[in-house]
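What follows is a single structure, written as structure tokens, with notes after it.
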Amino acid sequence: MQDILKKFPQKTIAVIGDLILDRYILGDADRISPEAPAPVVAIQNEKTALGGAANAAANVAAMSGKAVLVGGIGNDEAGKNMLQLLRKSGVDASGVFKFNRPTTEKTRVVARSQTIVRLDREDSAYIDKNLENKILGFVASNIKNWDGLIVSDYAKGLITEKLAKGLVGLSRRHRKSIVVDTKPKHFFFFKGATVLTPNKKEAESVAGGMFKSTADLKLAGRKIQKKVAANVLVTLGANGCALFSGNRMSYLPSDASEVFDVTGAGDTLAAAMVLALASGAKIFQATKLSNAAAGIAVGKTGTATVSLRELKLWSASKKILPNVSMPLPDIVDRYTIAKLKMARFTPEQKAHEFLLEEEFAAFDTVMSEIKKRIPAVARWEKELYKINGQVWDLESDIRRGKERKMKLEEIGRRALAIRDINAKRADLRNKIVHETGLGFPDHKVGHASEIPKLA
């Protein structure tokens, strides 16, 4: 993987799509307004960030590629702010045109790390033919100098059917990889692209039904892949991702050890994917790298970029454990939870637990390899299995108790027991980190993200 990453600085990637300015109003809220049932936020700070296609371009630049951005902004303060941020991020804005509408803005009001409300300023009507032709002309004139393309389509009006088909046609003619992150209503505009990257909800919309089981995902993924004549990478949030390429589905668990914010993770994934493909990676190798990049991105707050250095550190860790991407305590923890579900769930429950068998199989393979290299892991696995089983039993008692109207003090006693067990769990995770150096210490014992949801 290091050989692929070394080539990133030599690659030029064009990013075409909707440019969005992300605004954040940050503050604290400790009271409700007397005028309406809404929190009063005392503003402490404000910041702006690149969003949409601009964030995808910023990610390409952060990964040391040369990013050329193609899109439109309004003749307004938000547009000026966008251009300033692009300059600071090292993005070439020579393909950014002015159009007769406001720059798209998303303003999030955030208090105590929770988004209270989002305010959107946009005109999502399709662009006129004049701008459409300017963009196609710019791409046609410059594509020979590019190594790959990203289409970042947020359905804000820039991507038309003519433009989408033109971009795919130019990419194929010039043998350039084109990675497409689009909305369901535009999905089949991109027939013949290199890879499309819908999230689960978008893939369900394209397929025309919800994925209630792994079988549903496999059937729908293959159907979508055939219809669009492209590789399809379905991102599944905390469940990782599923790649449909050739005649098979390849499942990769999420690399994220903790999810803080999914904003812009798709842009990060697309940037890593196209740079990897442009650098000679095969589709599965590029998927592993982009899955890792997205895992790093969701561990940050707000619209964030992932650097080449972070990807190199991720790749370097593979020299210790070749098929492992996440911290060791998380691997052991997630494996024992999946193992508990496999042992305790009925066949019907297993069938309805999305990707359970695939996740268990993936972690089982990794754990077998780890235990050969680090024998102590077998002991830690048994201890965590016991701890997570105790949490499972207590949570089940609480649920049954609520149904039977158990006394509040009994529920409270079990909740305190869960807290104490999770303290032991954190101690064991910290011991794994201390003895192996493969992970990060747990500082927040009992933090919601550190408590497994077992049933």
* To do: Please find, within segment 176-189, the residue that is surrounded by the most Cβ atoms within 10 Å (Cβ to Cβ) out of those that are within 19 Å of the chain's Cα centre (by Cα) and assigned to a loop (DSSP other than H, G, I, E, B).
  => Thr182
* Asked: Is it true that some residue in segment 90-111 is within 23 Å of the chain's Cα centre (by Cα), assigned by TED's automatic domain parsing to the domain that holds Lys183 and among the basic types (Lys, Arg)?
  -> yes
* Looking at Gly72, is it closer than 21 Å to Glu310 by Cβ, out of contact with any Gly (no Cβ under 6 Å at 6 or more places or on another chain), in the same structural domain as Leu136 (by TED's automatic domain parsing) and in contact (Cβ under 8 Å) with a residue 40 or more places away in the chain? -> no
* Please state which of the following conditions Tyr335 fails to meet, knowing it meets all the rest: (1) modelled with pLDDT of 85 or more; (2) more than 19 Å from Ser254 (Cβ to Cβ). => (2)
* Taking into account only those residues within segment 32-59 that are more than 22 Å from the chain's Cα centre (by Cα) and polar (S, T, N, Q), which is nearest to Gly95 (Cα to Cα)? -> Asn45
* To do: Return yes or no: is Ile135 β-branched (Val, Ile, Thr) and touching a His at 6+ places or on another chain (Cβ under 6 Å)?
  => no
* **Residue ID - nearest to Thr235 (Cα to Cα), chosen from residues in segment 191-225 that are touching a strand residue (DSSP E or B) at 6+ places or on another chain (Cβ under 7 Å), assigned to a loop (DSSP other than H, G, I, E, B) and of a type outside the set (S, T, N, Q)** => Pro198
* To do: State the number of residues belonging to segment 118-141 that are crowded, with 16+ Cβ neighbours inside 10 Å and closer than 19 Å to Ala193 by Cα.
  => 3
* To do: Considering only segment 9-59, state which residues are of a type in the set (Ser, Thr, Tyr), touching a residue at least 24 places away in the same chain (Cβ under 8 Å) and not in a strand (DSSP E or B).
  => none
* Can you give me the number of residues within segment 293-327 that are at pLDDT 75 or above and surrounded by 23 or more Cβ atoms within 10 Å (Cβ to Cβ)? => 8
* All but one of (1) touching an Asp or Glu at 6+ places or on another chain (Cβ under 7 Å); (2) in a helix (DSSP H, G or I); (3) without any contact (Cβ under 8 Å) to a residue 24 or more places away in the chain hold for Gln84, so report the exception by its number. => (1)
* Structure fact -> If we take segment 96-175, then strands (runs of 3 or more DSSP E) inside it with 3 or more residues that are in contact with a Lys or Arg (Cβ under 6 Å, 6 or more places away or on another chain) are 104-111, 114-121
* Identify the residue in segment 208-223 that is touching a residue at least 24 places away in the same chain (Cβ under 8 Å) and buried (at least 19 other Cβ atoms within 10 Å of the Cβ) and, among all such residues, is nearest to Leu356 (Cα to Cα). => Thr214
* Does Lys165 qualify as being under 30 Å from Ala281 (Cα atoms), surrounded by fewer than 13 Cβ atoms within 10 Å (Cβ to Cβ) and either in contact (Cβ under 8 Å) with a residue 12 or more places away in the chain or not assigned by TED's automatic domain parsing to the domain that holds Ile43 (or both)? -> no
* Structure fact -> If you go through Lys372, Lys402, Lys407, Lys382, the only one that is over 30 Å from the mean Cα position of the chain (by Cα), of a type outside the set (A, V, I, L, M, F, W, C) and at pLDDT 90 or above is Lys382
* With respect to Gln114, is the statement that it is farther than 28 Å from Asn145 by Cα, in the same structural domain as Ala278 (by TED's automatic domain parsing) and polar (S, T, N, Q) true? -> yes
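The values are calculated or read from the model by the stated rules, or taken from the named source; none is laboratory data. Predicted model, so just to flag it, every value in this text is computed and none were measured. Counting neighbours? That spans all protein chains shown, and the Cβs are built from the backbone with ideal geometry, glycine included.
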